[in-house]
Amino acid sequence: MRIPLLMALSLCILSIATDIYIYFDLRRNFPRRPIVALTYGIFAVICWIFIAVCMLMPRRDSDSGILFQMWGIYSYLSILIPKTLFCLFSLIGQIPGLWKSKGVRLGLFAGLPVACLVFISMWWGAAVTRRQIEVVDVDVVSPRVPDAFDGYRIAQISDLHTGTWGDDTSFIQTLVDSVNALKPDVIFFTGDIVNRQSSEFAPFLRTLSRLKAPDGVYSILGNHDYGDYVDWPSEADKRENLQLLKNWERQIGWHMLNNERTQLIRGNDTIQLIGVENWGEPPFYQYGHLIDAYPFSRDSVYNLNDNRFKILLTHNPEHWRREVTRISNIDLSLAGHTHAMQTVFRLGPWKWSPSALRYEQWGGLYEKQNPDGETLKIYVNIGAGEVGMPFRIGATPEITILTLRKKEI
């Protein structure tokens, strides 16, 4: 869990500013009861000490856990954000006072209700929404779907981040039971099984080994699976960490595709299944190599532009936008990574996430034409786990069921 210095300083300044403002606001509104402002001041100092301890704890040491820090910082933010909103409304209410007219007590009548609503929403997202699994059904229509695969059902899960749960396997057990109950033909996991290191995976091995489908479980690596968020004693330790994760996924019966391809077979028909390692955006490492996984040359019997129906597992949807749609005709790509920033606002069919500010494809099914005019599709699963902050507001943990169709029904 990385907290940039500039962000930490900004939060510190914001925290001090809001507390000073609220302290003097209380003194002004309760002049005969100084105990009110004094009590708030003591509470604010305790909060400062608490957040300082959380931020000063080691975060990148391979032996350090992040659960206490994660929950501590989230608890603090759940207080700071509502306080900031209250101050904002209160300051807006003071604007009329600049013209020597009486200010409006906007902080009390609007800021306080909004602050309470945000506080409740944040803790509802931490206590309830992050455990409310949503099954999303999607039809993927393409004339290239082989006859034997018409109606084929794919379950996609992504971004479990098991380290966020510590040793508590209850949610993952529910997720596994939910996937199995849907009886998919195949299961795809699109990366980020852990937060920082492979040891987080250990409590969940038995539970995740229960994921079953007739055509198996296939997985790829996400950016958090490589151990890049830990300062390892040596490169050998880092390699050993990654190898352990690969060994464990094999042990529980998953088939990992690391810049590789395989086939799904039904009768005389096949689907080409391609899996790449994480295709990171700068400055993150880029391990994914589509060309290594599937030939590029049009002279090859198998190539990125052949007429076979192809499915690509790639963790980061930016890979699809920046490379896949430019050099291939891969019919369907499946990705995760965005989490929808663990926040989705909905109003009827409309939905929006702050992740849309960074990713063109952040959640759901998207289409784009390649240079040859062929329509390619990607589905971005918003994940089932959390990283950094243990909450989901509107962005319920997702199981996607994608049904292949040769034509619309």
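The values are calculated or read from the model by the stated rules, or taken from the named source; none is laboratory data. Bear in mind that the values here come from a model prediction, so they are computed numbers and not experimental data. Reconstructed Cβ throughout: ideal geometry from the backbone, glycine too, with neighbour counts over all protein chains shown. With ligands, DNA and RNA removed, areas are computed over all heavy atoms of the protein, side chains included. Shrake-Rupley method; radii C 1.70, N 1.55, O 1.52, S 1.80 Å.
Odds and ends about this structure:
- For segment 133-165, a tally of residues being in a loop (DSSP other than H, G, I, E, B) and within 23 Å of the chain's Cα centre (by Cα) returns 5.
- Of the residues making up segment 164-173, those that are surrounded by 14 or more Cβ atoms within 10 Å (Cβ to Cβ) and more than 14 Å from residue 201 (Cβ to Cβ) are 171, 173.
- Matching strands (runs of 3 or more DSSP E) fully within segment 332-376 where at least 3 residues are touching a residue at least 24 places away in the same chain (Cβ under 8 Å) and open to solvent by less than 40 Å² (accessible area, probe 1.4 Å): 332-335
- Output for segment 208-225, where each listed residue is open to solvent by 10 Å² or more (accessible area, probe 1.4 Å) and either out of contact with any Leu (no Cβ under 7 Å at 6 or more places or on another chain) or in a loop (DSSP other than H, G, I, E, B) (or both): 209, 210, 212, 213, 214, 215, 216, 223, 224
Each row is one residue, and each column tells you yes or no for (1) open to solvent by less than 40 Å² (accessible area, probe 1.4 Å); (2) under 24 Å from residue 389 (Cβ atoms); (3) in contact (Cβ under 8 Å) with a residue 24 or more places away in the chain; (4) of a type in the set (Asp, Glu).
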{"residue": "109", "(1), (2), (3), (4)": "no, no, no, no"}
{"residue": "130", "(1), (2), (3), (4)": "yes, yes, yes, no"}
{"residue": "140", "(1), (2), (3), (4)": "yes, no, yes, no"}
{"residue": "145", "(1), (2), (3), (4)": "yes, no, yes, no"}
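- Within the option set 260, 240, being free of Cβ contacts under 8 Å to residues at least 12 places away in the same chain and open to solvent by 10 Å² or more (accessible area, probe 1.4 Å) holds for one residue only, 240.
- Checked against (1) in a loop (DSSP other than H, G, I, E, B); (2) open to solvent by less than 20 Å² (accessible area, probe 1.4 Å); (3) among the polar types (S, T, N, Q); (4) touching a residue at least 24 places away in the same chain (Cβ under 8 Å), residue 305 passes all but a single condition, namely (2).
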